[in-house]
Every structure is written in structure tokens, then in C-alpha cells.
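Here the structure is laid out as C-alpha cells; the discussion comes afterwards.
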Amino acid sequence: MNDPQNPALVGLQRSLAERVFNFSPGPAALPTEVLHQAAEEMLSWRGTGVSVMEMSHRSREFEGIHNEALADLRELLQVPKNFRILFLQGGAIGENGIVPLNLASRINAAKPKTDFVVTGTWSVKTEQEARRYSEVNIVASSQDQKWHKIPDVASWKLSDDAAYVHLCTNETIVGTEFQEIPDIGQTGTHDKGRIVVADASSHILSRPIDWSRVQVVYGGAQKNIGPAGVTIVIVREDLIGFAHPLCPSAFNWRLVAEYDSMYNTPPTYAIYIAGLVFKWLKAQGGVPAIEQRNIAKARALYDFLDQSDFYRNEIDPSCRSRMNVPFFLRDESRNEAFLTQARANGLVQLKGHKSVGGMRASIYNAMPLEGVTALIEFMREFERTAA
Ligand SMILES: *Cc1c(COP(=O)(O)O)cnc(C)c1O
């Protein structure tokens, strides 16, 4: 690939030069190094003469890719030995049905009951889907506070016979994040032990996970891991085996675990790219190092918003997301101009979700500090020239 006349190389260099800072909430930016490596390996993976996309999922080569991705993810998140890592399809919205189908019958199969802490758009969707499979108890909700603050754990009304308690640990749309998972395992008189299930789609791998406080973690890959198509479920072993008889086999955790995520054809290419991202993360110093970088990025942006009269973030400082930063311009009639000029400055996908309005900067692991700095510089200049 050193021939300067090589059209593939010229094309690769041109597209490299065209890359911008992408603040998309998801599918989101991937590390350029990862895309570069995938491009180089696209036509032939390491001397095999075939693309990863063209490999049998049962081949020795793909088995290697798969096992390495599993081992790297386990190492990065320090997943204990008694937890299984499953790669499924269906996304996090799929899991909204798949989790209750696998777990709601754990305590009382005749009358399944589940607990939900509702902190924004995604947890609303999750509890509504769970109503099809279980009696849902809303433990706490921040709707009356416009989702701006996660309800204090002391106010949660946990039930003592629910199969699990569900949290969305980073609300991608409203921009709140649990700064830690509360320790609720021992509270109340729950004789079978409380189980916490977390939708971590939009912050998994951005910070460590305390496995003593959460027993099931799931997420779609397209926010902070890789391409859409692979869904990660990390589940404590003893919670596998409670699936409802009507649960589709491909989503039955027991079968998926038994077949090592090969009961059906897994999303092979998405797993391969996720694996490259895991290697990239390890090269960055792993989760503790990326967490420090995420803290610095978020602090820079929130500090800038807080000192400004021109922009504002409305989330309570105790639960602001490090990953998704919604903000508003004081003069909303300037929104279109803001987005157009941002785009012209190489800063894209900043428009807020339609249910919230305004802007949103998603600054996942793959967003470098330079991207956040460039955004802040642009915002300063936009404010100056708008005056
Ligand atoms: C994006 C997102 C989802 C939905 O993911 P799909 O892959 O579209 O199913 C669910 N939960 C959270 C927290 C998300 O950010």
C-alpha cells in the first residue's frame, strides 16, 4: 500500500482529510485509527484472502476474532468470572422485551413483577415494553422535574417481590447519568436478593462498573463501542435459566450462553469492529485512563456553559452526563445559524433530540479533547459575532 498512485490509497487519504468532529448521539463516531485499520483489512483479513464480512462464523479465524473480543471486553470492564458476556442482535430496544422474557419470571412465574426507576425517554420506553410481560412498579420518576434530576435513592419505593430493578444509567436524550450505581442489594426484605439491571448503552466502557451493585448490564454497540448490530449483555450466571417458554430461542440467554453466542449467526462484522475498538481502548490505557479523559472533556464543556449567559445546560450538576451534553441558546431563533456555521467549521450532528430541542453534543470515548476544545472555541466565537 505504499504506491502513491494506488487509487485505494489515494481514496483513503482523501477521506482521512475529510474527517470532521462528529457529535452524533448514535450511531456515533469511531476512532479514526480503528476505521483506518478496518479499511486496510477490508479486502483480505491477515492473509486469508477474504474480508471478515465473508467469513463463516464457525471458521477458526472468526472464532479467534470473537474470543479475543470477549477476552478484551472482560479485561477492560473487569467482568468477574461468574458473569457471562453474550453478543446478541436486536439492540437495546430489543432488550426491553428480551430482559423481561428472560428474567421477569425469576421470583413468581405466575405473576411476574418488575421495578423501574424512570429518569428519561429511554427508561420510559423500557418500562412500557416491560408492561407486556410483567406487572410494572414505578419505583421513582423524575418526570415532574422535567427529567433534570435523578430521584434520590432514599425516595425510591422498591417492592420486595420484583424480579429485578431496572435503571437506565445514562439517559442519552435528556443528558443525565448515574455517577454511581446505588447499593440497594441489601435493602428491604427481599428474600431472594435484589437484582439490578442496567441499560448502559450510551456510557458502557466510559467508566468502570461496580459489579457488586449490578447483576445485568446491556447495551447496543453504536454509541460507545462500535457499529450498530451487536448488542452486549453481561449477566451473572445464576440469573440465566428463567426464560419464559415463549421467549424466542435466539434471545434465550441460556441457549445463547450454551452456544457461546453462536446459537444463530452473530453480527460478525460488528463484533470484529467492536474488537478493534477494545484493542484501541487498551492502547489508550484502558477504562481508567479513558474515564479521566472523559471527565476532562465533560468538565471543559460544562464549565464553559455555566459561565455563559448565551448558552445554558439545565441538568442538575449532581447527575450531568459525561457523554451527552444537551444545551440551549438563549436566543432560539439563532439555532439554524448555529448549526450551519458549526458544520462549516467541521463540527457536525449537534442538533438536539426533537423531544428536548436545542443542541446536544455527544462526546463519547472516541471524541478527542481537541474536538471538545474546537466546539468551545466555535461557541465562543459564535457568541461574540452574534452580539
Ligand atoms: C440508543 C439507546 C437505545 C436504543 O438502542 P437501539 O439500538 O435503537 O435499540 C436504548 N437505550 C439507550 C440508553 C440508548 O441510548
Kirkwood-type radius of the range 205-269, with distances r between different C-alpha atoms, in Å: 13.3
Violating pairs (Cα-Cα greater than 19 angstrom) within the set Lys223/Lys297; Lys125/Lys146; Lys81/Lys223; Lys149/Lys223; Lys113/Lys157; Lys125/Lys354: Lys81/Lys223; Lys149/Lys223
Want the number for Glu336 to Gln128: 0.36 nm per residue separation, take away the alpha-carbon distance, what's left? 71.5 nm
Find the all-direction average of the projected area of the Cα convex hull for the range 240-320, expressing the result in square nanometres with one decimal place. 9.6
Calculate the length of the line joining the C-alpha centroid of the range 311-369 to that of the range 210-268, in whole Å. 32
With a 1.4 Å probe and all protein chains in place, put His166, His36 in order of accessible area, largest first. His36, His166
FRET E, pair Glu180, Gln145, Förster distance 25 Å, beta-carbon r, rounded to 0.05: 0.80
Largest-first ranking of Lys81, Lys125, Lys149 by accessible area, probe 1.4 Å, whole protein assembly kept, is Lys81, Lys125, Lys149
Grab the Cα-Cα distance for Gln284 and Thr385, subtract it from 0.36 nm times how many residues apart they are, and report the gain in nm with one decimal. 32.6 nm
I'd like the distance between the alpha-carbon centres of the range 138-187 and the range 31-103, rounded to an integer number of Å. 30
At what distance in nm do the modelled label points of Arg213 and Gln13 sit from each other, each positioned 7 Å from its Cα along Cα→Cβ? 5.1
For Cα pairs less than 8 Å apart in space and 6+ apart in sequence, what is the mean separation divided by the residue count of the range 160-262, i.e. the relative contact order in percent? 19
Can you tell me the relative contact order of the chain? Whole percent, Cα pairs under 8 Å, sequence separation 6 or more. 21
Between Lys111 and His353, what is the label-point separation in nm under the 7 Å Cα-to-beta-carbon projection? 3.4
Among rounded, prolate and oblate, which fits the chain when a ≥ b ≥ c are the square roots of the eigenvalues of its C-alpha gyration tensor, a/c under 1.5 means rounded, and a/b larger than b/c means prolate? oblate
About its Cα centre, what dipole magnitude does the chain give when the only charges are +1 on Lys and Arg Cβ and -1 on Asp and Glu Cβ, stated in debye to the nearest 20? 280
With all protein chains modelled, accessible area of Met42 [1.4 Å, Å²]: 70
What value, in deg cm²/dmol to 500, does the helix sum -39500 (n - 2.57) over DSSP H runs of n ≥ 4 give at 222 nm once divided by the residues of the chain? -11000 deg cm²/dmol
At a Förster radius of 25 Å, what calculated FRET efficiency corresponds to the Cβ-Cβ distance of Glu135 and Leu246, to the nearest 0.05? 0.90
Taking every DSSP bridge whose two residues both lie in the range 52-281, the antiparallel percent to the nearest 5 is 45
Using mean Cβ contacts within 10 Å as the protection proxy, how do 348-359, 238-249, 11-22, 199-210 order, highest first? 199-210, 348-359, 238-249, 11-22
Given a 1.4 Å probe, how much area per residue of the range 207-310 is accessible, in Å²? 38
Using a Förster radius of 25 Å, what is the FRET efficiency between Arg58 and Val20 based on their Cβ-Cβ separation? Nearest 0.05, please. 0.05
Long-range amide H contacts for Val117: which residues qualify at under 5 Å (H placed 1.01 Å from N, peptide plane, sequence gap of 5 or more or a different chain)? Val139, His166
Can you tell me the dipole magnitude for the range 303-386 around its Cα centre, using point charges on the Cβ only (Lys, Arg +1; Asp, Glu -1), in Debye to the nearest 20? 280
If a/c stays under 1.5 just call it rounded; otherwise compare a/b with b/c (prolate if a/b is bigger, oblate if not). Do that for the range 285-386, with a ≥ b ≥ c from the square roots of the Cα gyration tensor eigenvalues. prolate
Here the range 265-271 yields Karplus 3J(HN,Hα) values (6.51, -1.76, 1.60; θ = phi - 60°; whole Hz; Gly and Pro given as x) of 5, x, x, 4, 5, 5, 5
Could you work out, for the range 52-281, what percent of all Cα-Cα pairs fall into each 10 Å distance bin, beginning at 0 Å and stopping at the bin that holds the largest distance? 8, 34, 37, 17, 4, 0
Give me the Å³ per residue figure for the convex hull around the C-alpha atoms of the range 84-144. 95
For Glu135, which sequence-distant residues (separation of 5 or more, or a different chain) have an amide H within less than 5 Å of its own amide H, given hydrogens modelled in the peptide plane? Lys113, Thr114
Counting only DSSP beta bridges with both residues in the range 60-197, tell me the antiparallel percent, nearest 5. 15
So which GluC sites (Glu not before Pro) in the range 167-238 end up in coil per DSSP with only 13 or fewer other C-beta atoms within 10 Å? Glu180
Computed over the range 52-281, the relative contact order (Cα-Cα under 8 Å, seq sep at least six) in percent reads 27
Along the charge dipole of the chain, which of Phe23, Ala130, Gly47 sits closest to the positive end, that is, farthest toward it, with unit charges on the beta carbon of Lys, Arg, Asp and Glu (+1, +1, -1, -1)? Ala130
PRE zone check, label point 7 Å out along Cα-to-Cβ of Val50, amide N under 16 Å, scope the range 250-282, hits 265-270, 272
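The values are calculated or read from the model by the stated rules, or taken from the named source; none is laboratory data. Just so it is clear, the structure is predicted and the values come from calculations on it, not from any experiment. Glycine gets a Cβ as well: all are built from the backbone with ideal geometry, and neighbour counts include every protein chain shown. Note: areas computed on protein heavy atoms with side chains; ligands, DNA, RNA excluded. Shrake-Rupley method; radii C 1.70, N 1.55, O 1.52, S 1.80 Å.
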